[in-house]
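Working notes for the structure below.
Just so it is clear, none of the values below were taken in a lab; they were calculated from the coordinates. All values derive from a computational prediction rather than experimental measurement. Neighbour counts are summed over all protein chains in view; Cβ atoms, including those assigned to glycine, are modelled from backbone coordinates with ideal geometry.
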Amino acid sequence: MKFLIVTHVVHTQKEGQIYGYAPYIREMNIWLKYVDEVIIVAPIENRAVSSIDICYQHTKIKFVAVPQFSLVNATEIVKTAVKLPLLFSKVFSAMKRADHIHLRCPGNMGLIGCVLQIAFPKKSKTAKYAGNWDPKSKQPWTYRLQQKFLRNTSFTKNMQVLVYGDWENETKNIKSFFTATYAERDKETVLPRTYAGKLKFLFVGMLAAGKRPEYAIDYVVGLRKKGVNASLDIFGDGLLRHDLEKLIQEHQVEHYISLRGNQPKDIVQKAYKESHFMILPSKSEGWPKVVAEAMFWGCIPISTDVSCVSFMLDKGKRGIVLSLNLEEDIKQFSNLCVDEIQLQEMAKSAEIWSRSYTTDYFDSEIQKLLH
């Protein structure tokens, strides 16, 4: 099988290998175990490989580089219009050569893929919609447009669309799916934590406005003011790093809040194992891997109710749901943290649930999609 990936993920190259954002590449490597040849149509940059990049694992990869583009304002739309003939030509040509078309959505390349796949109604196709599929959620217009294409079985034929969560009144090609980080072999015994002493909090993710890392800081600062012996380690990097450093200095909380930057998977895994809570006050998610990863190690997630998070947390039985009213959220935690038995039960419930979604299970489900 000649397998085509159309994605907006920006790649880089080193010593003949193609690298990209590790969680995405790690997932795609499972897909690639079951194909003979791979065509990847995506942007590429001449940059150093970072600590959060890994490479594709396949012996027959053809990489088709395309320019990056944006539709965020009128100027960018005009620039994109100039690039469209080349973009359409490269994606269309790759689709002609492929046996199976796989689109990564939502994203600009995914949008082009959604349009051009219409020309290939008989080819086998899948689309992974890695964002928030909730029909009631606020989405950029380009995301909504991709959802309309993917739902429309008159235009989109022979395609299975993988989405996070179960949503009512969906078309027959929409399939509730999941993602995974850990394998069956990773299931080490998790000992019950004690919640009577110092409580360790984590934030894991990009330091960007959509993830609201500043709320995690305000939350832990607020808990300390209420007498909770809390600390916070922030893993990740991004545009807000300088602002967060300034915020930490202004609060004078360097002794219990630390910016750890991007770290390898094993370092983050160790942090999950040693922490009590993982906080994710995100504006939008698909299937937030950091929530499932924390749960896998008995680290209780504290998250906003976006996308399928309510399902993951069983409406507050496997984690704590944020309202984003800081005073209310701090009060909710202060009331809960005095009940150690309830917290231990919540952590165990989270662990059991997350460990049902392993990479082994993911692998078996991918095989079904490709055969």
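Which value, to two decimals, describes the C-alpha radius of gyration of the stretch 1-99 once divided by 2.2 N^0.38 Å?
Against the empirical 2.2 N^0.38 Å value, I get 1.13 for the stretch 1-99.
How do CYS55, CYS105, CYS114 line up, fewest other C-beta atoms within 10 Å first?
Ascending number of Cβ neighbours within 10 Å: CYS55, CYS114, CYS105.
Given H placed 1.01 Å from N in the peptide plane, which residues other than close sequence neighbours of ILE44 have an amide H under 5 Å from its amide H?
Correct list: HIS11, VAL66.
In debye, nearest 20, what is the charge dipole magnitude of the stretch 157-308 about its Cα centre with +1 on Lys and Arg Cβ and -1 on Asp and Glu Cβ, if you could check?
180 debye
Taking every pair of distinct Cα atoms and averaging 1/r, then inverting, what Kirkwood hydrodynamic radius in Å comes out for the stretch 56-189?
Answer for the stretch 56-189: a Kirkwood hydrodynamic radius of 16.5 Å.
Based on other C-beta atoms within 10 Å, arrange LEU336, LEU199 from fewest to most.
Final ranking by Cβ density, sparse to dense: LEU336, LEU199.
Students often get this wrong, so check it: of LYS225/LYS331; LYS172/LYS283; LYS187/LYS265; LYS125/LYS157, which have C-alpha atoms separated by over 19 Å?
Among LYS225/LYS331; LYS172/LYS283; LYS187/LYS265; LYS125/LYS157, the Cα-Cα distance tops 19 Å for LYS172/LYS283.
Sort ASP305, ASP329 so that the residue with the fewest other Cβ atoms within 10 Å of its own Cβ comes first and the one with the most comes last.
Ranking ASP305, ASP329 by Cβ neighbours within 10 Å, fewest first, gives ASP305, ASP329.
Sorted from largest to smallest, which semi-axis lengths in Å does the alpha carbon gyration tensor of the stretch 188-354 give for its equivalent ellipsoid, taking the root of 5 times each eigenvalue?
That gives 22, 18, 16 Å for the three semi-axes.
Report, by chain and number, residues whose modeled amide H sits under 5 Å from the one on ARG260, excluding near sequence neighbours (fewer than 5 apart, same chain).
Result for ARG260 returns ILE234, PHE235, GLY236.
Counting only helical runs of four or more DSSP H residues, what would the 222 nm mean residue ellipticity of the chain come to if each run contributes -39,500 (n - 2.57) and the total is spread over all its residues?
So the helix-based figure for the chain works out to -11500 deg cm²/dmol.
Picking from HIS102, LEU191, GLN342, whose Cα lies most toward the positive end of the charge dipole for the chain (charges on Cβ: Lys, Arg +1; Asp, Glu -1)?
The Cα lying farthest towards the positive end belongs to HIS102.
Please compute one quarter of the surface area of the Cα convex hull for the stretch 69-139 and express it in square nanometres.
It is 5.5 nm².
Stick to the Cα atoms of the chain, pair each with every other, and give me the Kirkwood hydrodynamic radius in Å at one decimal.
Final number for the Kirkwood radius of the chain is 21.9 Å.
For the chain, with only Lys/Arg (+1) and Asp/Glu (-1) charged at the beta-carbon, what is the dipole magnitude about the Cα centre, in debye rounded to 20?
Here the size comes out at about 1340 debye.
Report the GluC sites (Glu not before Pro) located in the stretch 179-261 that are in a DSSP loop and have at most 13 other Cβ atoms inside 10 Å of their Cβ, or state none.
Those satisfying the criteria are GLU188, GLU254.
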